[in-house]
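Asker: First the structure, then my questions, so here it is.
Quick note: the coordinates plus some simple rules give every number you see, no bench work behind them. This is a predicted model, so every value here is computed, not measured. Cβ sites come from the backbone with ideal geometry, for glycine too, and all protein chains shown count toward neighbours.
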Ligand code: TRP
Ligand code: ZN
């Protein structure tokens, strides 16, 4: 690939020209779609360079400057326009073919509707432009289309004109009063059902709220609308931030590369994060909708009003907005359970990214394809970095920092450093050392050791931090609780851990305390401490923090699994400590324990989560050891699980359903009643959480009823794509030796399509990422299957292909045999003619390791 050139943060330069206003005229007409863009361009400094615009996959029709044909040169990716003028009107006409656009970037068609996706660099597929986030322009957009097929014509801002035209066509004009970067531009044309409502802001302005969904789905839009209203109210009360336009629109489309997009005043959403009713959506789906609707809404301030100077600063908006949506969910619902979910993302996915070939700091320094950097590192570790600042500053100072940030930077395109400076200046807390979190890649390792001197009553905790390639230690907020032997809390505080090695001393203790370390996962680090079983049992019972109790349960069961991996390797029989069994039974019986938290404790770490705990893994031994421990626990608790399951069967609440389905999952391994429970639950279910809970228990336990129930489910939901995604996912994650043949057949299923990212993710993505034993089959068939899919997707949708290659490039922990089979597949990809730069970047980095 010749065009695969990296760009560097250090090379950033302010734009040589700015564009202050742009008038777009979009004539939607299939293959003959024409876009006329009239821009006011200004030279920003005293230089004589030509104007160089970005453009991709465009047919150029004409270029005019101040009414005169311009002198220009078109090359791959650029349009170079010669001019000596300092200020001029530039008029460009381009022709597009949205129907042929399967990449789902720029202007494309989703199920008969036109829609756009411009982040990160999609606007350049609509017209030639300065497609970079530090060029902010005011947009006026005229859209023209056939009225019958496209009754709704939408863009950002306020509707200022509309009218009828000859030949059954009509037009609208939209104006967005807020200057914005091109990545926030959006346009939609189609026929929809519309759910409308309103929100009165705290300063008594009325905002019209609209949710557009495919015809026939109106009843599934209510939860998204309710979530939007909650988001608006929450941002006012917690962050003192109010919405700024008179209308807020959400459009749900079937073909979408990611979750949703925060285009100013016109969010475009994947249907997965809008449509819900109890029959078709699970409790988790409801929660996902609420958090994504919140996320996109919160971007209006953190992202849109204040945006990024360049794409290396992506975490400025994404880390902060993820932090905000996590806080939103936590204020609305269980803080502990939300925190547990966030911790799992870091430990299971972000740590994996850190130890693979795509490792990068939350503010990357070099990028080949920007789409490859919408990562768990930028988003979720980015949110952890914001959370640490929140921990260090406290809510009051943090909110003062937010205020100062908006005061200084409203309407600007800024850097991560500008954000930290605002936090620093508003709080008076020095964040110089803290800033290394932005520039250092990889997972810091913290090793803890402790000692107690009975004579003096002195307890000492020694913390050491190491991070490969890091010259300076990080500022780590290290949250600690010390418990006495009765479980009483003696110390509960956040330590400022700032040196490579630091000793913390606590005086006046009668006994050696039990330490709850890194409470609430106060920093995204790997913690090493030689916990004894009794200490973990103590923490599971007495830690003040619910998250810490859950953490203790994870450590306890993980240690038991790893011990048995060792037993297997040494040809010894596997065993499980009675204390481990008893503490899980104790948690199961604990009536004071929140049901949702109990469900989390029962959700034993997945095999891939366990893989992330080590540097090298014997996958075959791990599979046996994990299965052994789970089965032992389930057998030991069978009566209690059965009783608990029965007591929960008829409760209509989210937490009870979560716990019930966990019980069923355990019972499916050991209980002779499991078949009956599963079939009954499936048949009586009046909601998707229960149906899916039954099916997935049948799937994990490989119960006899499985195939029959799967067939029933398929018959019922054939025509509901989002529900079929669940079915595809169950098929793909079934640990059965013929799963790959099955997947090949399912690619021909009438509900499947390689062109739709949701289908691809549920059938192929969930196999590669969620069926670890079959994907990593020693015969290499799993790798080959994924590679074939990727070869296909490389042409169709490079962005989605590159997202799905992840399990194939994170191979460093596996054995030689597997690694060499993976590398053969990667080499095959690298040699592929027409390899996209998205895949090129990841595959070449993986092979260079
Ligand atoms: N900015 C969006 C968000 O975080 C995500 C996004 C980036 C996106 N690029 C995209 C969504 C491409 C869809 C397609 O909410
Ligand atoms: Zn976002």
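Okay, residues lined up against (1) outside any strand (DSSP E or B); (2) surrounded by fewer than 19 Cβ atoms within 10 Å (Cβ to Cβ):
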{"site": "116", "(1), (2)": "no, no"}
{"site": "148", "(1), (2)": "yes, yes"}
{"site": "159", "(1), (2)": "no, yes"}
{"site": "162", "(1), (2)": "no, yes"}
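Asker: If you go through segment 831-843 one residue at a time, how many are crowded, with 16+ Cβ neighbours inside 10 Å and over 17 Å from residue 356 (Cα atoms)?
Answerer: 4
Asker: Could you pull out the residue among 563, 535 that is in contact with a strand residue (DSSP E or B) (Cβ under 8 Å, 6 or more places away or on another chain), on the phi < 0 side of the Ramachandran plot and assigned to a helix (DSSP H, G or I)?
Answerer: One residue alone meets the criteria, 535.
Asker: Okay, next question. Restricting attention to segment 321-351, which residues are more than 17 Å from the chain's Cα centre (by Cα) and within 14 Å of ligand 2 (Cβ to nearest atom)?
Answerer: none
Asker: Can you give me the ranges of the strands (runs of 3 or more DSSP E) entirely in segment 196-306 with at least 1 residues that are within 16 Å of ligand 2 (Cβ to nearest atom)?
Answerer: Working: elements: 206-213, 247-253, 266-270.
The qualifying strands (runs of 3 or more DSSP E) are 247-253, 266-270.
Asker: Which is touching a helix residue (DSSP H, G or I) at 6+ places or on another chain (Cβ under 7 Å) and within 16 Å of ligand 1 (Cβ to nearest atom), of 331, 277, 283, 325?
Answerer: Sole residue among the options that is touching a helix residue (DSSP H, G or I) at 6+ places or on another chain (Cβ under 7 Å) and within 16 Å of ligand 1 (Cβ to nearest atom): 325.
Asker: Can you confirm whether segment 716-731 contains a residue that is surrounded by 21 or more Cβ atoms within 10 Å (Cβ to Cβ), touching a residue at least 40 places away in the same chain (Cβ under 8 Å) and part of a loop (DSSP other than H, G, I, E, B)?
Answerer: No, there is no match, as no residue in segment 716-731 is surrounded by 21 or more Cβ atoms within 10 Å (Cβ to Cβ), touching a residue at least 40 places away in the same chain (Cβ under 8 Å) and part of a loop (DSSP other than H, G, I, E, B).
Asker: Scan the helices (runs of 4 or more DSSP H) fully inside segment 766-849 and keep the ones with 3 or more residues being under 20 Å from the mean Cα position of the chain (by Cα) and within 19 Å of residue 734 (Cα to Cα). It would help to see each step written out before you state the result.
Answerer: Working: elements: 766-770, 772-775, 781-796, 798-804, 806-809, 816-830, 837-848.
Correct list: 766-770.
Asker: With under 16 Å from residue 318 (Cβ atoms) and in a helix (DSSP H, G or I) as the only criterion, which of 381, 403 stands out?
Answerer: The match here is 381.
Asker: Could I ask something else about it? Got a number for residues in segment 236-264 being over 24 Å from residue 160 (Cβ atoms) and in contact with a helix residue (DSSP H, G or I) (Cβ under 6 Å, 6 or more places away or on another chain)?
Answerer: 6
Asker: Identify all residues within segment 431-459 that are in contact (Cβ under 8 Å) with a residue 24 or more places away in the chain, in a strand (DSSP E or B) and surrounded by fewer than 14 Cβ atoms within 10 Å (Cβ to Cβ); write none if there are none.
Answerer: 449
Asker: Something else now. Looking at (1) within 11 Å of ligand 1 (Cβ to nearest atom); (2) touching a residue at least 40 places away in the same chain (Cβ under 8 Å); (3) within 13 Å of the chain's Cα centre (by Cα); (4) farther than 29 Å from residue 849 by Cβ, which is the one condition that is false for residue 318?
Answerer: Tallying (1) within 11 Å of ligand 1 (Cβ to nearest atom); (2) touching a residue at least 40 places away in the same chain (Cβ under 8 Å); (3) within 13 Å of the chain's Cα centre (by Cα); (4) farther than 29 Å from residue 849 by Cβ, residue 318 fails exactly one: (4).
Asker: Still on this model: Which condition from (1) outside any loop (DSSP other than H, G, I, E, B); (2) surrounded by fewer than 19 Cβ atoms within 10 Å (Cβ to Cβ); (3) touching a residue at least 60 places away in the same chain (Cβ under 8 Å) is the one that residue 481 breaks?
Answerer: Among (1) outside any loop (DSSP other than H, G, I, E, B); (2) surrounded by fewer than 19 Cβ atoms within 10 Å (Cβ to Cβ); (3) touching a residue at least 60 places away in the same chain (Cβ under 8 Å), the lone unmet condition for residue 481 is (2).
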